[in-house]
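**Q** Take a look at this one; I'll ask things after.
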Amino acid sequence: MAALLDTIDTTTQRDGKREAGAISSLTVTTWQLETEVDKGLRETSQKPEVSRLGPLASDLTYPEQESMAVRDPQTPMLPPVTALVRDESFDSLVSSIATYAREEVLAHLESVTKLLTGVKESFEDEMDRQILFFEVKEHLGKLWEIDFPRNDYFLQAVSLLEDSLAYTKSEDLSKEQVEGLLEVVEICKRVDLSINDVRRCGRILRNRRIATVPTLS
Amino acid sequence: MEKKVQLDTTIQIYRAFSHSSVKRVLVKILSQCQVFVSRYVLYEFKRTLIKAVITFYTYVREEQTIDDALDRASRTFSSRQKTHFISIFRELVKNPGIAKGNKEQLLICLQRMFEWELLDIFEEGVSYIPDHIQCTPSKADPTEGITQFIKQLRCQKDWDQCSLPRFLRLKQKRLRRLMDLSKSPEYQGNKGFQTLASLCGKILDDFNECKGNNCKILGDMIIALEVLPENILLTSNISDFEPPCKAVKTSVRFIKYSDPKVPKL
């Protein structure tokens with residue numbers, strides 16, 4: 001990770017006036033990860049520039065600026081490059097990862113819904129009910145493995161659901177309770193939840209007598 | 001000439017889990033005969049025994065100790081399942097790790113059992129008879145994951161996944177005989193047989209009535225009807241099999257679990 005990012009920034013490119021002959025006036029900004037030695041050497045008075053790369057680049061410093069104009073003309077020049085607008089591509093990457101993770105979360109919740117519907121459909125068969133209800137618990141636990149931009153209230157709702165499943169045994173389950181769990185999963189599917197949504201989840205579970213904390217029963 | 005026997009679900013279970021005296025008798029009979037089994041029996045085997053093992057597996061996964069899992073199983077399983085289950089567990093505790101309460105070891109053993117071992121025991125030394133019923137749930141595969149397995153085992157009245165209505169249409173004369181027999185005073189008190197006969201009446205009006213949950217009620221009669229003319233049905237379940245076998249004229253021999261003897265074939 002010594003040289004993490006090399007960004008070439010050209011004033012001419014930014015202005016849309018890039019010409020072949022004007023390459024000698026390019027200014028190259030080299031960004032490097034600061035090492036421990038660098039840290040020691042860095043002057044405390046030096047003010048880091050504001051990163052356009054978002055939080056991931058917060059650990060980056062750019063200690064030196066090297067002007068290509070002072071280089072020996074015989075030194076091979078960098079080939080003409082198309083300037084990358086780093087901030088936009090990075091943001092879109094982050095956004096596409098987030099979208100993918102969101103889709104994954106939704107797909108996971110959808111399969112929880114299907115399993116709970118299966119529990120409801122084969123309610124009379126105690127073995128089917130137990131096996132499918134067990135699978136619901138297993139499936140929900142896997143939600144934590146998805147690297148997902150965290151909305152605290154979404155996570156609270158999922159943990160509420162998980163706890164309520166942990167303290168409910170299939171043999172004590174009623175059809176109304178399954179309905180309640182389905183309602184909570186539907187709320188979770190909205191992902192961007194508020195405190196009121198989580199409270200609503202709690203109310204739904206309590207109204208159906210689904211414990212979210214261990215009880216003697 | 002070598003005799004031909006066809007096994008019902010209980011005998012298939014006893015081949016794996018039963019008292020040593022029962023196993024001895026079964027080994028003696030099966031070594032002298034050509035042994036057949038139907039795909040419908042395979043379905044029943046999966047629906048009862050393998051599903052019970054999976055259910056216990058989920059209890060063990062959910063509970064802290066084997067003791068707590070056993071407690072739940074003892075409260076949930078029906079009396080017949082409990083009998084099977086005790087037999088299975090008797091085999092399992094022969095493993096010293098499980099006997100000492102090692103949960104992980106028990107989980108591995110149970111998984112091994114429901115994924116392939118019980119099915120291997122089921123198919124060992126037997127040939128399948130032609131599959132006229134074409135029961136799709138009998139193809140349920142436990143290696144595809146337990147949710148998938150449960151889904152594959154499902155059957156509903158409005159699903160078209162077997163030829164049972166067609167099979168029963170071909171055997172409708174025998175169904176009528178069964179209904180007639182149920183009216184005789186000898187069988188008036190046999191609740192199971194009366195339920196079966198009344199369902200047969202509904203099926204004769206609409207053959208699609210046999211699908212879904214009703215298929216389970218008809219189980220013993222279906223097994224009796226599937227027996228090939230040259231085969232003898234072997235079962236331990238006298239009360240459930242005697243009346244339908246008599247009605248549909250199927251040769252049957254019983255092995256009494258409490259007093260197992262080699263029957264005259």
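**Q** Averaging sequence separations of C-alpha pairs under 8 Å and six or more residues apart, then dividing by the length of the stretch B:82-172, give the relative contact order as a whole percent.
**A** Working: 48 pairs, mean separation 19.0, N = 91.
Relative contact order, the stretch B:82-172: 21 percent.
**Q** Between B:Lys246 and A:Tyr100, how many nm apart are label points set 7 Å from Cα along the C-beta direction?
**A** 7.0
**Q** Set the Förster radius R0 to 35 Å, insert the Cβ-Cβ distance between B:Leu265 and B:Lys202 as r into 1/(1 + (r/R0)^6), and round the FRET efficiency to 0.05.
**A** On the way: r = 36 Å, r/R0 = 1.03.
The value I calculate is 0.45.
**Q** Let me ask something else. With a cut-off of 8 Å between alpha carbons and a minimum separation of six or more residues, what is the relative contact order of chain B in percent?
**A** Working: 333 pairs, mean separation 62.0, N = 265.
It rounds to 23 percent for chain B.
**Q** In whole Hz, what ³J(HN,Hα) sequence does the stretch B:2-19 give by Karplus (6.51, -1.76, 1.60; θ = phi - 60°), x for Gly and Pro?
**A** Coupling constants for the stretch B:2-19: 5, 6, 10, 10, 10, 9, 9, 5, 5, 5, 4, 5, 5, 4, 8, 10, 6, 5 Hz.
**Q** How big is Rg to Rh over chain B, alpha-carbon atoms, Rh as the Kirkwood inverse-mean-distance radius?
**A** Rounded to two decimals, Rg over Rh is 0.98.
**Q** Here's a follow-up. Roughly how crowded by other chains is peptide A:130-140, in terms of the mean Cβ count from those chains within 10 Å of each of its Cβ atoms? Write out the running numbers ahead of the final one.
**A** Numbers: counts 10, 9, 5, 2, 9, 6, 1, 3, 5, 1, 0.
Per residue, the average neighbour count from other chains is 5.
**Q** A:Arg209 to B:Asn190: FRET efficiency via 1/(1 + (r/R0)^6), r the Cβ-Cβ distance, R0 41 Å, to the nearest 0.05? Kindly include the intermediate steps, with their values, before the conclusion.
**A** Working: r = 42 Å, r/R0 = 1.02.
So, using R0 = 41 Å, E works out to roughly 0.45.
**Q** Further question: Measure off 7 Å from each Cα along the Cα-to-Cβ vector at B:Lys94 and B:Asp68, then give the distance between these two points in nanometres to one decimal.
**A** Here the modelled spin labels are 3.0 nm apart.
**Q** Kindly put B:Tyr187, A:Tyr100, B:Tyr14, B:Tyr43 in sequence by how many other C-beta atoms sit within 10 Å of each C-beta, fewest to most. Don't skip to the answer; put the middle values down first.
**A** Numbers: B:Tyr187 18, A:Tyr100 13, B:Tyr14 21, B:Tyr43 25.
By the 10 Å Cβ count, ascending, the order reads A:Tyr100, B:Tyr187, B:Tyr14, B:Tyr43.
**Q** Give the distance, in whole Å, between the Cα centre of the stretch B:20-73 and the Cα centre of the stretch A:107-145.
**A** 24
**Q** Which residue, B:Ala247, B:Ala224, B:Ala99, tops the fluctuation ranking in a GNM of chain B built on C-alpha contacts under 10 Å?
**A** Between B:Ala247, B:Ala224, B:Ala99, it is B:Ala99 that shows the largest mean-square fluctuation.
**Q** Okay, next question. Can you tell me how the stretch B:87-222 classifies by the Cα gyration tensor, rounded, prolate or oblate, using a/c under 1.5 as the rounded cut?
**A** On the way: a/c = 2.71, a/b = 1.91, b/c = 1.42.
Note, shape of the stretch B:87-222 comes out prolate.
**Q** Rounded to the nearest 0.05, what FRET efficiency do A:Ser92 and B:Asn213 have when you use their Cβ-Cβ distance and R0 = 60 Å?
**A** Details: r = 54 Å, r/R0 = 0.90.
Here the calculated transfer efficiency is 0.65.
**Q** Treat each spin label as a single point 7 Å out from the Cα along the C-beta direction, and report the B:Arg176 to B:Ser20 distance in nm.
**A** 5.4
**Q** How large is ³J(HN,Hα), in whole Hz, for each residue of the stretch B:212-227 in order, when computed from phi with the Karplus curve 6.51 cos²θ - 1.76 cosθ + 1.60 and θ = phi - 60°, using x for Gly and Pro?
**A** x, 5, 4, 4, 5, 5, 7, x, 5, 5, 4, 4, 5, 5, 6, 4
Throughout, read-outs are computed from the coordinates displayed, never taken from laboratory work. Given the structure is predicted, the values throughout are model-derived calculations rather than measurements. A quick note on method: Cβ atoms are made from the backbone with ideal geometry, for glycine too, and the neighbour counts reach across all protein chains shown.
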